[in-house]
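**Student:** Mind looking over this structure? Questions follow.
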Amino acid sequence: MTRTLSLANLRKNYRLDSLSEDEVASNPFLQFQNWFAQAIDSKLPEPNAMTLATVDTNGRPDARIVLIKGIDSQGFTFFTNYESRKGRELASNNFACLLFHWSGLERQVRIEGQVMKVSEEESDEYYQSRPIASKLGAWASEQSVEVKDRSTIEAREAKFRKKFGDTPPRPAHWGGYRLVPDAIEFWQGRPSRLHDRIKYFRLSDHHWRIARLCP
């Protein structure tokens, strides 16, 4: 018997917490770090996973999950292949958006801004901290390029393992990006779909305007 799924009836009433513009930190990075720590403490699966949204030269959007690897007063850092689809899109339009969704806490964080490559030294430092398999993977995968089958990728991995052994250097095509935000929105689910949305707008390097948005 075929099961009929009614998508219209899939809903949840959010009740876990609230968010007030009078209680959030004056700096969005501190507010993010507070929420991020709570996501870790709550043992949510992969709290460091975020959606990265970009657009191509025709304005066509694209999105994928990446892992955040650094948070500081400069911005939000992740690492990838510069020649991948995301890398090509960021080269043509370096405005992007990040989205964290911590469903177990009924929270989202949306981060908008410009993306730029981190320094060679920063990319080298992170690359050297990775497991050997991940280091070799950066060489083996021509990310986003069509390939005949998986054995082709595995053969490339074996080739670079033989070439570099346990000390592969960082490929020039692989490194870090940092999104420097000009706006960060914190979303807390509330009953009756009257969610709390508090958004920070950058005024200068050290000052932000805080506003409440309608849900």
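Every read-out reported here was derived from the displayed coordinates using simple, explicitly stated rules and does not represent laboratory data. Owing to the predicted nature of the structure, the values given are computational and were not obtained by experimental measurement. Glycine also receives a Cβ, built like all others from the backbone with ideal geometry; neighbour counts cover every protein chain displayed.
**Student:** Using a Gaussian network model of the chain with C-alpha springs under 10 Å, which one of LEU52, LEU194, LEU90 is most mobile by mean-square fluctuation?
**Tutor:** Looking only at LEU52, LEU194, LEU90, the biggest GNM fluctuation is shown by LEU194.
**Student:** What are the extents of the Cα atoms of the chain along their three principal axes, in Å, largest first?
**Tutor:** Sorted from largest, the Cα extents of the chain read 61, 58, 40 Å.
**Student:** Using helices alone, I'd like the mean residue ellipticity at 222 nm for the chain: each DSSP H run of four-plus residues gives -39500 (n - 2.57), total over residue count, nearest 500. Working shown, then result.
**Tutor:** Numbers: 5 runs with 56 residues, N = 215.
Mean residue ellipticity, 222 nm, calculated: -8000 deg cm²/dmol.
**Student:** What's the longest piece of the chain with no exposed trypsin sites (Lys or Arg not before Pro), counting a site as exposed if DSSP puts it in a loop and it has at most 12 other beta carbons within 10 Å?
**Tutor:** 44-147
**Student:** If you don't mind, there's one more thing I want to ask. Could you point to the residue in GLN114, TRP102, THR80 farthest towards the positive end of segment 1-159's charge dipole, with +1 and -1 charges on the Cβ of Lys/Arg and Asp/Glu respectively?
**Tutor:** Of the options given, the answer is TRP102.
**Student:** Another question, then. Here are some pairs, LYS43/LYS86; LYS69/LYS135; LYS43/LYS69; LYS69/LYS162; LYS117/LYS162; which of them have Cα atoms lying more than 27 Å apart in this structure? Intermediate values should be presented prior to the final figure.
**Tutor:** Numbers: LYS43/LYS86 29 Å; LYS69/LYS135 15 Å; LYS43/LYS69 18 Å; LYS69/LYS162 29 Å; LYS117/LYS162 30 Å.
In this structure, LYS43/LYS86; LYS69/LYS162; LYS117/LYS162 exceed 27 Å between Cα atoms.
**Student:** With springs only between Cα atoms under 10 Å apart, run a GNM on the chain and tell me which of GLN188, GLN38, GLN108 wobbles the most.
**Tutor:** Comparing GLN188, GLN38, GLN108 in a Gaussian network model of the chain, the most mobile one is GLN38.
**Student:** Take every Cα pair under 8 Å in segment 123-215 that's 6+ residues apart, average their separations, divide by the length, and report that relative contact order as a whole percent. Mind dumping the intermediate values first?
**Tutor:** On the way: 90 pairs, mean separation 18.3, N = 93.
Over segment 123-215, the number comes to 20 percent.
**Student:** For segment 95-215, place one equal point scatterer on every Cα, skip the solvent, and apply the Debye formula. What is log10 of I(q)/I(0) at q = 0.15 Å⁻¹?
**Tutor:** Scattering profile of segment 95-215, log10 relative to I(0): -0.85.
**Student:** What residue among GLU146, GLU185, GLU125 has the largest mean-square fluctuation in a Gaussian network model of the chain, using Cα springs under 10 Å?
**Tutor:** Highest fluctuation among the options: GLU146.
**Student:** I want to check the label-to-label distance for ASP166 and ARG64. Put each point 7 Å from Cα in the C-beta direction and report it in nm to one decimal.
**Tutor:** 3.1 nm
**Student:** Now a separate question. Give me the distance between the Cα centres of segment 145-185 and segment 93-141, rounded to whole Å.
**Tutor:** A separation of 13 Å, based on Cα centres.
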